[in-house]
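Colleague: One structure follows; several queries about it will come next.
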Protein chains: 2
Amino acid sequence: MPDTPSSAAGTGVLADLNALRAIGAYRSGVHKPTFSAPHLESLQWLLAKLPEAGLTGAIDGIGNVLTTSTKTGPKLLAGSHLESQNYAGWLDGPLGVIYALEAARVLNNDPDVTGAVEVAAWCDEEGHFGHFLGSRSYVGGVTEADIDAASDRSSGRAMREALSAAGLAGIPRQAAERGRHVGYLEAHIEQGRTLESEGLKIGIVTSIVGIFQYRITFTGEQNHAGTTRMTDRRDAGLALAKFCVAIDERFPHICGPRTVWTTGRITLDPGAPSIIPGTADMLFQVRDADVAVVARLEAELQTMAEEVNAQARCRVTVECIRRGTPAMMESKFQQAIEAASSNFAGGKSLRMPSGAGHDAQVLATIMPAGMLFVPSIGGISHHWTENTADEDIVTGAQVFVDACRRLLTQ
Amino acid sequence: MPDTPSSAAGTGVLADLNALRAIGAYRSGVHKPTFSAPHLESLQWLLAKLPEAGLTGAIDGIGNVLTTSTKTGPKLLAGSHLESQNYAGWLDGPLGVIYALEAARVLNNDPDVTGAVEVAAWCDEEGHFGHFLGSRSYVGGVTEADIDAASDRSSGRAMREALSAAGLAGIPRQAAERGRHVGYLEAHIEQGRTLESEGLKIGIVTSIVGIFQYRITFTGEQNHAGTTRMTDRRDAGLALAKFCVAIDERFPHICGPRTVWTTGRITLDPGAPSIIPGTADMLFQVRDADVAVVARLEAELQTMAEEVNAQARCRVTVECIRRGTPAMMESKFQQAIEAASSNFAGGKSLRMPSGAGHDAQVLATIMPAGMLFVPSIGGISHHWTENTADEDIVTGAQVFVDACRRLLTQ
């Protein structure tokens, strides 16, 4: 039984993260798609680590590792995920799981702490088969029909087939036991440059943005690029380009301080060099933690569409295809992280929204939740060069363990 | 031996065009890709028609039907093509071949006419395997290596394999006999709305535009669409949209009266909704009959690229990937068509450039050339609904035959 004080927390974290990096290694990162052999091996590695943290656990029917402590007192749920994006970084996911494991090792074995940390590794946060399938299953948001319909976005393999090959067919999915946990805490790399550029060590997440996605479709008239005079054209591609530029001009005047928006894909049809595009569409995404801001921007998109339609050259429709409600992080969790940062990170912390989605936003629908960020070198993520300085990883672990202690003893 | 006067020309044309439409019919149009069974059957149909026009001929090693008359006196080359775009119209190509056949039937059998019309059907004008491979082979512009490298843009089938399956492997390609022909005359549907909208019957082509094609590539920085703040972004897709809009604003001030330009394809990389595009490229095409105009527009593209690069957010390169020299139509040919239009189309003719490419631009590199257009209903082409009124088809044939007579007797 280790009797590590909080101040020594973090010593085992680097070794554990490197052990997980060795499973499915790709250059300096990893390639561990959901239900791949290295992903499943990582889950088994975690199960083997549970006894030293005073936990028992198993993989449930959707691939979540869920654990329980028999210690009396309040229970705090903590974790993240172990699968990766394709050919991506070693910390996106494992950092939060290992911080949670470290907190459990330290606190569950400390007789002075009443209560325990229970570790979770949520399956498929990276969305190979869907959106947050593991954590959504835990909160009751995934039906059997959803699983029947899910398939791997890279290989096309059916989720049922992947579950069966992983030995998980027929195993029940575990649902949250309401009231068991005082809340959920998750650590993650920032995946942006804010902490690094300001010389800070800890991001205290105030909210996780909602992701709103739109398909904006322009309909003009397909025609011959040689014989159709400029004045006769109804070019759907040009209408789309003008719309993108108009967004760039108008959104900054009405957005929130941290709103971001992105046109990630453009398709002109038929897409041939000698044919004026008859239709064009763009995938457009808006992220903000404030639904009122998103509503204002969405209304502006509709106004812009009406302006285009009034000109009667091309028609445009704006269709919302994804509404991701923003999640607020519990203020008590933010306070606990801030106090822990004062102790272990010299107070070099910043309250900030998360621009990326995380399992914490799903858990926040059924219990209080909080998140902590550590700096990302160069802001890089979803790439095998993703990294965080060793000392920042250790500092983050110390803050995380201390924050868990505060949340259990409050 | 028919002794049809010019005024009765055109009577056989509709029957011939409908016979060709029945080979490879698709709805009211045809589907006759180069070297498909219906294309090859159409070539055989034409060979069978040659004797009634006083011609002998064969299919050469690249799929051209070339014919000769033994009549003394000047020879005029006339024709077009028999393959079609995929699932396209019945007149794009066959109209010009059948007009040429009709002219040969009428004039080659007329003892009062010294000289003869020699009919050609150029292979692959529609570019299934390349650009004008048949006519370019005839003028000496295609090497054996070009054929080795060519493949069907739809199926990927190698041209060598297609030639072999068509029984054309090992058959020599026929080159132009310099000095044999007084020139080349081709008829075609307009593929635009100019004649129809002005109530005219005959377009007298003054020039065939050059087609200049550019790949314009934008390089920014690929990043996370949630965690990268708007001010930190180097969005290649947005830079592309701004460039398209800038072209639309600046080109009208410096273009020629009939210049056209088209962005036919846009690709954002990686093209995912949650990733800021790191690179973006567009296929951009300019058409004009005046190379000086194109040079001015190309210089403007480079200036615009320098302006973008000076801002240092994204880099842009403009690469010319196709330079198609414009072709001027011979004034004597234009005069012959105009005089024939006065006789047979009530003078309802218009001198106009061709915005589309045609085999005549290739033939114009080695002999005087001319082109005649008939109206397209609704300006539609490269679609199975493409059509021309029967009476306009007959009028066009009468004008064509009379223009050929004038060119032979001048």
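The values are calculated or read from the model by the stated rules, or taken from the named source; none is laboratory data. As the structure is a computational prediction, the values presented were derived from the model and not from experiment. All Cβ positions, even for glycine, are placed from backbone atoms using ideal geometry, and neighbour counts span all protein chains on display.
Colleague: Of the residues that sit in the stretch A:348-382 and are of a type in the set (D, E, K, R) and more than 15 Å from the chain's Cα centre (by Cα), which one is farthest from A:His188 (Cα to Cα)?
Modeller: Restricting to residues being of a type in the set (D, E, K, R) and more than 15 Å from the chain's Cα centre (by Cα), the top hit is A:Lys348.
Colleague: I'm trying to understand the selection: among the residues of the stretch A:297-311, which are over 26 Å from A:Ile208 (Cβ atoms) and either small (Gly, Ala, Ser) or under 22 Å from the mean Cα position of the chain (by Cα) (or both)?
Modeller: Once the filter is applied, which keeps residues that are over 26 Å from A:Ile208 (Cβ atoms) and either small (Gly, Ala, Ser) or under 22 Å from the mean Cα position of the chain (by Cα) (or both), the stretch A:297-311 yields A:Ala305, A:Ala310.
Colleague: Checking A:Ile337 against (1) surrounded by fewer than 23 Cβ atoms within 10 Å (Cβ to Cβ); (2) touching a strand residue (DSSP E or B) at 6+ places or on another chain (Cβ under 9 Å), only one condition comes out false. Which one?
Modeller: For A:Ile337, the failing item is (1).
Colleague: Is it the case that some residue within the stretch B:316-323 is in a strand (DSSP E or B), touching a residue at least 40 places away in the same chain (Cβ under 8 Å), touching a His at 6+ places or on another chain (Cβ under 9 Å) and under 26 Å from B:Trp122 (Cβ atoms)?
Modeller: yes
Colleague: Please go through the stretch B:259-275 and pick out each residue that is among the hydrophobic types (A, V, I, L, M, F, W, C) and either modelled with pLDDT of 95 or more or part of a helix (DSSP H, G or I) (or both). Full working, then the answer.
Modeller: Taking the stretch B:259-275 and keeping what is among the hydrophobic types (A, V, I, L, M, F, W, C), we get B:260-261, B:266, B:268, B:272, B:275.
Those that are among the hydrophobic types (A, V, I, L, M, F, W, C) and either modelled with pLDDT of 95 or more or part of a helix (DSSP H, G or I) (or both): B:Val260, B:Trp261, B:Ile266, B:Leu268.
Colleague: If A:Val294 satisfies every condition in (1) surrounded by 18 or more Cβ atoms within 10 Å (Cβ to Cβ); (2) within 22 Å of the chain's Cα centre (by Cα); (3) in a strand (DSSP E or B) but one, which is the exception?
Modeller: (3)
Colleague: Residues to consider are A:Ala48, A:Ala100; find the one that is assigned by TED's automatic domain parsing to the domain that holds A:His188 and either over 24 Å from A:Pro172 (Cβ atoms) or in contact (Cβ under 8 Å) with a residue 12 or more places away in the chain (or both).
Modeller: Of A:Ala48, A:Ala100, the one residue that is assigned by TED's automatic domain parsing to the domain that holds A:His188 and either over 24 Å from A:Pro172 (Cβ atoms) or in contact (Cβ under 8 Å) with a residue 12 or more places away in the chain (or both) is A:Ala100.
Colleague: Inspect the stretch B:280-300 for any residue being among the polar types (S, T, N, Q) and over 15 Å from A:Leu238 (Cβ atoms) and give the result as yes or no.
Modeller: No, the stretch B:280-300 has no match at all.
Colleague: Show me the strands (runs of 3 or more DSSP E) entirely contained within the stretch B:137-222 in which 3 or more residues are of a type in the set (Ser, Thr, Tyr).
Modeller: B:210-219
Colleague: Can you find a residue in the stretch A:345-360 that is part of a helix (DSSP H, G or I) and either among the β-branched types (Val, Ile, Thr) or in the same structural domain as A:Ala116 (by TED's automatic domain parsing) (or both)?
Modeller: yes
Colleague: Continuing with this model, one more query. Among the residues that make up the stretch A:251-258, is at least one of them assigned to a helix (DSSP H, G or I), more than 8 Å from chain B (Cβ to nearest Cβ) and among the small types (Gly, Ala, Ser)?
Modeller: Checked the stretch A:251-258: no residue is assigned to a helix (DSSP H, G or I), more than 8 Å from chain B (Cβ to nearest Cβ) and among the small types (Gly, Ala, Ser).
Colleague: Do we find that A:Gly264 is surrounded by fewer than 17 Cβ atoms within 10 Å (Cβ to Cβ) and at the interface with another protein chain (Cβ under 7 Å from one of its Cβ atoms) in this structure? Steps first, answer last, please.
Modeller: Numbers: surrounded by fewer than 17 Cβ atoms within 10 Å (Cβ to Cβ): no; at the interface with another protein chain (Cβ under 7 Å from one of its Cβ atoms): yes.
No, not satisfied.
Colleague: When the residues of the stretch B:217-236 are filtered to those that are crowded, with 24+ Cβ neighbours inside 10 Å and modelled with pLDDT of 95 or more, which remaining residue is nearest to B:Arg287 (Cα to Cα)?
Modeller: So the residue we want is B:Phe218.
Colleague: State yes or no: is A:Glu161 at pLDDT below 95 and either surrounded by fewer than 20 Cβ atoms within 10 Å (Cβ to Cβ) or within 12 Å of chain B (Cβ to nearest Cβ) (or both)?
Modeller: no
Colleague: Still on this structure, please answer the following. For the stretch A:177-193, which residues satisfy the criterion of being surrounded by fewer than 20 Cβ atoms within 10 Å (Cβ to Cβ) and at the interface with chain B (Cβ under 10 Å from one of its Cβ atoms)?
Modeller: A:Arg193
Colleague: Can you name the residue in the stretch A:212-245 that is closer than 30 Å to B:Ala356 by Cβ and β-branched (Val, Ile, Thr) and is also nearest to the other protein chains (Cβ to nearest Cβ) among such residues?
Modeller: Here the residue is A:Thr227.
Colleague: Where in the stretch A:1-116 are there helices (runs of 4 or more DSSP H), lying fully within it, with 3 or more residues that are out of contact with any Cys (no Cβ under 9 Å at 6 or more places or on another chain) and buried (at least 24 other Cβ atoms within 10 Å of the Cβ)?
Modeller: A:94-108
Colleague: Looking at (1) touching a Cys at 6+ places or on another chain (Cβ under 7 Å); (2) surrounded by fewer than 18 Cβ atoms within 10 Å (Cβ to Cβ), which is the only condition A:Tyr214 fails?
Modeller: Answer for A:Tyr214: the failing condition is (2).
Colleague: Among the numbered criteria (1) within 10 Å of chain B (Cβ to nearest Cβ); (2) in contact with an Asp or Glu (Cβ under 7 Å, 6 or more places away or on another chain); (3) free of Cβ contacts under 8 Å to residues at least 60 places away in the same chain, which one does A:Asp248 miss?
Modeller: (2)
Colleague: Under 8 Å by Cβ, and 6 or more places apart or on different chains, what pairs join a residue from the stretch B:142-153 that is under 17 Å from B:Ala165 (Cα atoms) with one that is among the β-branched types (Val, Ile, Thr)?
Modeller: B:Ile147/B:Ile62; B:Asp152/B:Thr34
Colleague: Let me spell it out: the conditions are (1) away from chain B (no Cβ under 14 Å); (2) at positive phi, and A:Gly271 meets all of them except one. Which number is the exception?
Modeller: (1)
Colleague: Taking the condition of being within 27 Å of A:Val142 (Cα to Cα) and surrounded by 23 or more Cβ atoms within 10 Å (Cβ to Cβ), how many residues in the stretch A:194-211 meet it?
Modeller: Residues meeting the conditions: 4.
Colleague: Additional query: Regarding A:Ala312, is this residue more than 21 Å from A:Gly134 (Cβ to Cβ), exposed (fewer than 15 other Cβ atoms within 10 Å of the Cβ) and either of a type in the set (S, T, N, Q) or away from chain B (no Cβ under 13 Å) (or both)?
Modeller: yes
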